[in-house]
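Structure record follows, encoded as structure tokens.
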Amino acid sequence: MPDPAADPLAHARRPPATPRVPAAPRRPGPARGMIRSGAFEPGAPGAVVTVGVDLTVATCPMRDTLARDVDAAVRAVEGVADVRVDLGVMTAEQRAELRTMLRGGVGEPEIPFAKPGSLTKVYAIASGKGGVGKSSVTANLAVALAAQGLEVGVVDADIYGFSIPRMLGVDRQPTRVDNMLLPPIAHGVKVVSIGMFVPPGQPVVWRGPMLHRALQQFLADVFWGDLDVLLLDLPPGTGDIAISVAQLLPGSEIVVVTTPQVAAAEVAERAGSVATQTQQGVVGVVENMSWLEQPDGSRLEVFGAGGGERVAANLSRATGTAVPLLGQVPLDVSLREAGDGGTPVVLSDPGSPAAAALRDVAAGLARRPRGLAGRSLGVTVV
């Protein structure tokens, strides 16, 4: 075949490459009905592509990010020399159509994970008391599951002590489409938290009914898409949120986080024992801060030993089912540093002992089969 570079007329005789519209970036935005138009003008060095994008509102916080992502995605297509992004604003009718489309044709908000046919695994990460590393475990499990190719969402249900936004490095609010929210995505995980809506340092002073309504809105008013796994970071203890989760998500299951300390383990058992009253399942126990690795290879058990196994054994007796110890996560400075920095340790330091233990727990959760309890099998008895 002759070299086109050696023939100055080869480019003129060959029709210009027609750019294909690339796959939209994996984030709320152009992937969901916001592309208004697309046109290209053939040229000698390459085509000039103009992409029209309609924002949900003129003050959309993702304005610059969307323009930059669309520009980069289209510019990467072979045959494109230049990209122009024309930003507009949706009309009220367009926003209504977008909401209906995102909800699968259903106009009113509803909790998709509460439907009998939902295939999303819902895990409520619970602890008996604060300070055991429950939120760190939640953030790392979410990112580790997403790294396996799963679609993952996190609801920061710890309304008073929210910390998931910092641990996942989220510093912006969800995108609003009238009364629907498109959650931000961090490290491949969709996230929503009350911390995205309150000024820094401002406490949330709410009572039970308001807590229930906030959780309900996080589940129904946020467009989650098709999730494989939804994690809820519960507040410590057995209060209003734990009860609301059982009511709103009857198919959810509990993962208990504790430390080896006897006092912490005793309290953690109560968080898991809620399942006996709410008819939820207990997936297992994660023991955090299990030991501190020493330079000589030995282990310093700062908080004692055996707390996780004790909780798992007692919950097995209380629920009448096998509740395993899912994993033991050692004390690791990199785990704390990664949480403060907004990049979980399973990504920032994947070779650390804590990251390895958390990945093993995530792998175990990902392998768990979906049960058929409460599902319609579509079988008719004749």
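The values are calculated or read from the model by the stated rules, or taken from the named source; none is laboratory data. Everything numeric in this text was worked out from a predicted model, so none of it was measured. Using ideal geometry, Cβ is built from the backbone for each residue, glycine included, and neighbour counts are taken over all protein chains shown.
Before moving on, here are some points about what is shown:
- Residue among E253, E266 that alone is under 22 Å from S136 (Cβ atoms) and within 20 Å of the chain's Cα centre (by Cα): E253
- Filtered residues of the range 197-224 (kept if part of a loop (DSSP other than H, G, I, E, B) and either of a type in the set (A, V, I, L, M) or surrounded by 15 or more Cβ atoms within 10 Å (Cβ to Cβ) (or both)): V198, V204, V205, W206, D221, F223, W224
- Any hit, the range 142-161, residues being part of a strand (DSSP E or B), of a type in the set (G, A, S) and closer than 27 Å to R63 by Cα: yes
- Inter-residue pairs, beta-carbon under 8 Å, first closer than 21 Å to L168 by Cα and in the range 213-231, second hydroxyl-bearing (S, T, Y) and in a strand (DSSP E or B), 6+ apart: V229/Y123; L230/Y123; L231/Y123
- One residue alone among E269, E301 is modelled with pLDDT of 90 or more and within 24 Å of R368 (Cβ to Cβ), and that residue is E269.
- Unique match (being modelled with pLDDT under 85 and within 30 Å of P183 (Cα to Cα)) among A17, A31: A31
- Residues (within 28 Å of the chain's Cα centre (by Cα) and more than 24 Å from F197 (Cα to Cα)) located in the range 40-75: V53, D54, A67, R68, D69, V70, D71, A72, A73, V74
- Restricting the range 124-143 to residues that are among the hydrophobic types (A, V, I, L, M, F, W, C) and closer than 14 Å to G339 by Cβ leaves a set whose member that is modelled with the lowest pLDDT is V132.
- Tally of residues being of a type in the set (D, E, K, R) and in a loop (DSSP other than H, G, I, E, B) across the range 175-196: 1
- Candidates V274, V262, filtered to the one that is surrounded by fewer than 19 Cβ atoms within 10 Å (Cβ to Cβ), in contact with a helix residue (DSSP H, G or I) (Cβ under 8 Å, 6 or more places away or on another chain) and among the aliphatic types (A, V, I, L, M): V262
- Across the range 225-243, the qualifying residues are those that are within 17 Å of the chain's Cα centre (by Cα) and of a type in the set (D, E, K, R), and the one among them that is surrounded by the most Cβ atoms within 10 Å (Cβ to Cβ) is D233.
- Residues in the range 55-80 that are part of a strand (DSSP E or B) and modelled with pLDDT under 85: L55 alone.
- A305 being small (G, A, S), more than 25 Å from G161 (Cβ to Cβ) and surrounded by 15 or more Cβ atoms within 10 Å (Cβ to Cβ): yes
- Listed conditions (1) modelled with pLDDT of 95 or more; (2) closer than 19 Å to I241 by Cα are all met by Y160, apart from (1).
- In the range 164-174 there is no residue matching the filter, namely being crowded, with 19+ Cβ neighbours inside 10 Å, of a type in the set (K, R) and either in contact with a strand residue (DSSP E or B) (Cβ under 9 Å, 6 or more places away or on another chain) or part of a helix (DSSP H, G or I) (or both).
- Among residues of the range 342-369 that are without any contact (Cβ under 8 Å) to a residue 24 or more places away in the chain, those with a Cβ under 6 angstrom from a residue that is acidic (D, E), sequence gap 6+ or separate chain, pair up as S352/D332.
- Breaking point among (1) in a helix (DSSP H, G or I); (2) touching a residue at least 60 places away in the same chain (Cβ under 8 Å); (3) within 24 Å of Q217 (Cβ to Cβ), for I254: (1)
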